[in-house]
Each structure stands twice: as C-alpha cells, then as structure tokens.
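Notes follow once the structure below has been shown.
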Amino acid sequence: MYNIATLNKISPVGLDRLTDQYALTEDMAGSHGVLVRSQDMLSMEFAKDLIAIARAGAGVNNIPVDRCAEEGIVVFNTPGANANAVKELVLAGLFLGSRNIPDAITWSYGLVGNEDAAKAVEKGKSQFAGREIQGKTLGVIGLGAIGVSVANAAEKLGMKVIGNDPYMTLRAAHNLSNTIPVVRTLEELLPNCDYISIHVPAMEKTKGMINADTIALMKTGIIVLNFSRDKLVNDEDMLAALATGKVQKYITDFPNNKLVGKEGVICIPHLGASTEEAEDNCAVMATNQLMDYLENGNITNS
Ligand code: MLT
C-alpha cells in the first residue's frame with residue numbers, strides 16, 4: 001500500500017484513477033508519493049519514505065528539485081497538460097490590452113446612475129480606441145508546449161510570429177508552425193516585435209530577463225504579456241518603461257503591490273491554468289506518472 005499526500009485540491013478525475021493499492025492523505029508524514037499544485041514545498045520536511053512528487057502543472061519552482069535529486073526523490077511535472085488553458089488566456093490578454101477593455105469596463109461602471117448613459121458612452125468610443133493585432137508581430141519567448149501553442153494560435157489570428165528559444169526541443173520544432181521563424185537571442189527578437197509573450201520557466205538565468213537593458217531593445221509602444229512567472233520581469237524597470245511610453249502595456253497574471261492600479265498595467269490573478277479542463281488534464285497526467293513510477297519504476301514526463 002502506498003500513501004499519497006495531496007497538497008492543494010487535486011481534481012477527482014485524477015484521484016479516481018488511484019487503485020486500491022493507494023491511500024490518500026493530506027499529511028506528508030508517512031507519504032510515499034505527493035500530488036501537488038502550486039503549494040510551496042521549498043522548506044517542507046519530507047517523509048523518510050518519500051519516493052516521488054508529481055506536480056500537477058508546468059512550473060516546478062515551488063519544489064526543491066536540487067534537494068529531491070540529492071535524496072533520490074523523483075519529481076514529475078505535467079508539460080502540455082494546461083497549455084491550451086494558458087494559450088487561451090494569453091490570447092485574451094492580447095485582445096484586452098489592444099482594445100483597452102479593462103479601462104473601458106472600469107469607465108463604464110462610472111455611468112451607473114447617469115441619466116443618459118447611452119449618450120455618455122459616445123465619449124468612451126474615442127477615449128478607448130485601440131489597435132488591431134492582425135498583421136502585428138508577436139515575439140514568443142520560450143518554445144515549450146505553451147509557447148508553441150501561443151505562437152501557432154497567434155499566427156492563425158493573422159499575426160506575424162517570431163519564436164525565441166536557445167534550447168528548443170525536437171518536439172517543439174515538430175509542433176511549431178513551419179512558417180514561424182525562430183531566433184536564438186533576445187537581441188535578434190525584441191527590436192522586431194509589437195508584442196511579446198513570455199513562456200520560460202523561472203530559473204537563475206531567466207530571473208529579471210525583462211529589465212532596463214532588454215526593454216531598451218524593444219520598439220516604443222510594445223505590449224508585454226507575462227503569464228509565466230513573476231520573477232522574469234523586473235517590476236521597477238517595467239514601471240519606468242510604462243511611464244515613458246516605451247512599453248504601452250504590461251499584462252500579467254502575477255499581481256503585486258508594486259503593480260496593481262498602475263497606469264498601463266493590467267493585472268489578473270494567476271489564472272492561466274485555472275480551467276476545469278486543465279485541472280482535470282494535469283491531475284490525470286500527474287496521477288498516472290506517480291502510479292507508473294511507484295508500481296513499475298517508469299519515468300514518463302510527457
Ligand atoms: C503552471 O505552472 O502549470 C501554471 O503556472 C499554473 C499553476 O501554477 O499551476
């Protein structure tokens with residue numbers, strides 16, 4: 001019998017796959033396997049019998065992967081299982097930012113109680129005029145499952161797309177539309193983009209990759225989307241660029257005290273993977289990985 005600790009709520013569609021060889025617990029003590037979403041496990045104490053951790057999601061920055069490697073604990077994630085959900089939110093972000101929708105909605109709340117709201121609305125029409133994404137260039141930084149999915153969808157919407165990834169996998173190369181060029185460096189990418197969307201993991205070398213130096217390479221009036229990880233963007237540098245108009249909008253699902261309410265910033269909660277479908281997909285994949293490893297010693301991370 002294996003004890004599986006569930007940290008966070010894991011979709012029952014995944015948990016139901018566990019056979020009667022498994023007992024679920026919310027307690028780490030005595031666990032052989034862990035199913036986790038975004039709960040911070042960095043300073044958590046592990047049971048001495050812990051064998052594997054399955055992260056129902058893409059990023060593993062909440063898991064002490066180095067410590068796990070030292071202790072022989074296998075860590076899985078579920079690449080691709082929530083890619084469609086994130087892609088759809090990124091597409092929403094492109095439209096929200098380009099058409100000034102959040103400001104326009106906030107403005108229209110101000111019409112509550114206005115006796116002639118329909119007439120007042122005419123004013124908003126010019127105030128919130130936006131731009132179209134068709135024909136504009138989107139730079140996709142990071143070509144994992146999510147980046148590839150965003151790139152292909154944006155191209156289908158009529159955007160020109162350029163990809164950037166120094167470590168592109170064969171699978172990504174196979175899945176990426178063959179009309180999308182890929183450049184190896186940000187220096188080659190940034191000067192050519194009207195929009196960029198970031199899809200790289202948070203690591204020492206990606207921390208603060210969008211900063212004053214890289215922003216300086218961008219076209220004036222660019223819209224930057226970050227639905228990946230907060231640490232990838234230097235907030236102070238981004239706010240300074242928004243203040244000068246170098247960056248027109250920064251759209252992210254990582255709100256913090258520095259960013260919320262600031263001119264040009266569109267913040268939403270970390271909603272990228274928060275759909276029923278993505279939660280089910282991630283839970284199923286993570287549960288399968290855990291069972292296959294515990295029972296058969298197989299490592300399947302795709
Ligand atoms: C991921 O890493 O899969 C997404 O950021 C969503 C999440 O935090 O689970």
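The values are calculated or read from the model by the stated rules, or taken from the named source; none is laboratory data. The shown structure was predicted, so the numbers you read here are calculated from the model rather than taken from an experiment. All Cβ positions, glycine included, derive from the backbone under ideal geometry; neighbour counts span all protein chains shown.
For the reader, a short list of remarks on this structure follows.
- One residue from VAL90, VAL34, VAL74, VAL86 being within 16 Å of the ligand (Cβ to nearest atom), buried (at least 17 other Cβ atoms within 10 Å of the Cβ) and closer than 19 Å to ILE299 by Cβ: VAL34
- The number of residues in segment 226-244 that are in contact with a helix residue (DSSP H, G or I) (Cβ under 8 Å, 6 or more places away or on another chain), within 14 Å of the ligand (Cβ to nearest atom) and under 19 Å from GLY261 (Cβ atoms) comes to 1.
- Within segment 262-300, being away from the ligand (no atom under 11 Å from the Cβ), out of contact with any strand residue (DSSP E or B) (no Cβ under 6 Å at 6 or more places or on another chain), aliphatic (A, V, I, L, M) and not in a helix (DSSP H, G or I) holds for ILE268, ILE299.
- Lone qualifier among ALA69, ALA29, ALA56, ALA47 - being touching a Gly at 6+ places or on another chain (Cβ under 6 Å), of a type outside the set (Lys, Arg) and not assigned by TED's automatic domain parsing to the domain that holds HIS199: ALA47
- Flag for ILE223 being part of a strand (DSSP E or B) and at negative phi: yes
- Residue match in segment 112-131 (condition: modelled with pLDDT of 95 or more and within 17 Å of the chain's Cα centre (by Cα)): no
- Counted residues, segment 43-70 - those being away from the ligand (no atom under 16 Å from the Cβ), assigned to a helix (DSSP H, G or I) and not charged (D, E, K, R): 2
- Unmet requirement for ASN256, which otherwise passes all of (1) of a type in the set (S, T, N, Q); (2) buried (at least 22 other Cβ atoms within 10 Å of the Cβ); (3) assigned to a loop (DSSP other than H, G, I, E, B): (2)
- Applying a threshold of 8 Å to beta carbon distances and a minimum spacing of six or more residues, or different chains, the list of pairs starting in segment 89-114 at a residue that is free of Cβ contacts under 8 Å to residues at least 12 places away in the same chain and over 16 Å from LEU271 (Cβ atoms) and ending at one that is surrounded by fewer than 18 Cβ atoms within 10 Å (Cβ to Cβ) and not charged (D, E, K, R) reads LEU111/ALA117; LEU111/ALA120; LEU111/VAL121; ASN114/ALA120.
- Out of THR214, THR252, THR220, sole residue that is within 13 Å of the ligand (Cβ to nearest atom), hydroxyl-bearing (Ser, Thr, Tyr) and in the same structural domain as GLY144 (by TED's automatic domain parsing): THR252
- Pairs, first in contact (Cβ under 8 Å) with a residue 12 or more places away in the chain in segment 1-22, second aliphatic (A, V, I, L, M) and surrounded by fewer than 11 Cβ atoms within 10 Å (Cβ to Cβ), C-beta under 8 Å, six or more apart: GLN21/MET1; TYR22/MET1
- Residue count for segment 158-210, restricted to those that are assigned to a helix (DSSP H, G or I) and of a type in the set (A, V, I, L, M): 6
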